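One structure follows; several queries about it will come next.
The values are calculated or read from the model by the stated rules, or taken from the named source; none is laboratory data. In this text the structure is predicted, and so the values were computed from the model without any measurement. Here Cβ is always computed from backbone atoms with ideal geometry, including for glycine, and neighbour counts include all displayed protein chains. For the accessible areas, the whole protein counts, side chains as well, though only heavy atoms, and no ligand, DNA or RNA atoms are used. Shrake-Rupley method; radii C 1.70, N 1.55, O 1.52, S 1.80 Å.
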Amino acid sequence: MPQEPERHGDEETPGEAPPRAVVLATFDSLAPRTAEDIAGELDVARDHAAATLSELVDAGELEAAELADGDDELTAYYLSPDVHPGGGIDPETARRAAVQRTIAELDVPGVSEMMQDWRRDALERAWEFLAEAGTVSDRDFKREVYPGHKAGYDTAEAWWAFLRPRLARLPGVEGPSDDGSTWTYDGP
């Protein structure tokens, strides 16, 4: 026999968490929301809304940030721009966010954090160059990107040896081609 939902005065508090798709549908922009916002909108218990929001964060469909205001703490949930590029931001911003996240996760050599940052910047600039041009040769990368983004490398060949395998892992990058030196960008 099903249990009666808890009653608070004339209000009912449903006894289970709302489906993930229902909660996700309440995010119509990149504006952050709280569990209280979602609970109120869906007329469910705050704890149930929070449980579903946590599942969505674990699945990578939402992101969460802990915010503090004096002694009060609150969790804000928001759409992940690289998962939901239509969530109120333009596609270029979503692409850039996906590339920056991928670059941040890559293993980058360097004796200091600053040198690693230079190398990540060089990788991002190479991606930008490819995204703008559409098709680029190894030689074009060395000629156009390397001079302004040497990243601590003394030669274009050493720089390219670092950059080449990492560039291939970035979103939208196809390459190298069968000839071994032509790269294309077919991102969204």
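What residue, of ARG143, ARG169, is modelled with pLDDT under 95 and loosely packed, with under 15 Cβ neighbours inside 10 Å?
That would be ARG169, the only listed residue that is modelled with pLDDT under 95 and loosely packed, with under 15 Cβ neighbours inside 10 Å.
I would also like to ask the following. Going through ALA59, ALA51, ALA35, ALA31 one at a time, which residue ends up being open to solvent by 30 Å² or more (accessible area, probe 1.4 Å) and modelled with pLDDT of 85 or more? Walk me through how you get there before you give the answer.
Values: ALA59 fails: modelled with pLDDT of 85 or more; ALA35 fails: open to solvent by 30 Å² or more (accessible area, probe 1.4 Å); ALA31 fails: modelled with pLDDT of 85 or more.
Checking each option against the conditions leaves just ALA51.
HIS84 - would you say it is open to solvent by 30 Å² or more (accessible area, probe 1.4 Å) and at pLDDT 95 or above? Before you say what the answer is, go through the steps one by one.
Numbers: open to solvent by 30 Å² or more (accessible area, probe 1.4 Å): yes; at pLDDT 95 or above: no.
No, not satisfied.
What is the residue count in the stretch 131-148 for residues that are within 12 Å of LEU163 (Cβ to Cβ) and part of a helix (DSSP H, G or I)?
Looking only at that region, the number is 4.
Open to solvent by 30 Å² or more (accessible area, probe 1.4 Å) and acidic (Asp, Glu), is that true of ASP138?
Spelling it out, it is not the case that ASP138 is open to solvent by 30 Å² or more (accessible area, probe 1.4 Å) and acidic (Asp, Glu).
Return yes or no: is ALA151 in contact with a Lys or Arg (Cβ under 6 Å, 6 or more places away or on another chain) and under 19 Å from ILE103 (Cα atoms)?
Values: in contact with a Lys or Arg (Cβ under 6 Å, 6 or more places away or on another chain): yes; under 19 Å from ILE103 (Cα atoms): yes.
Taking the combined requirement at face value, the residue satisfies it.
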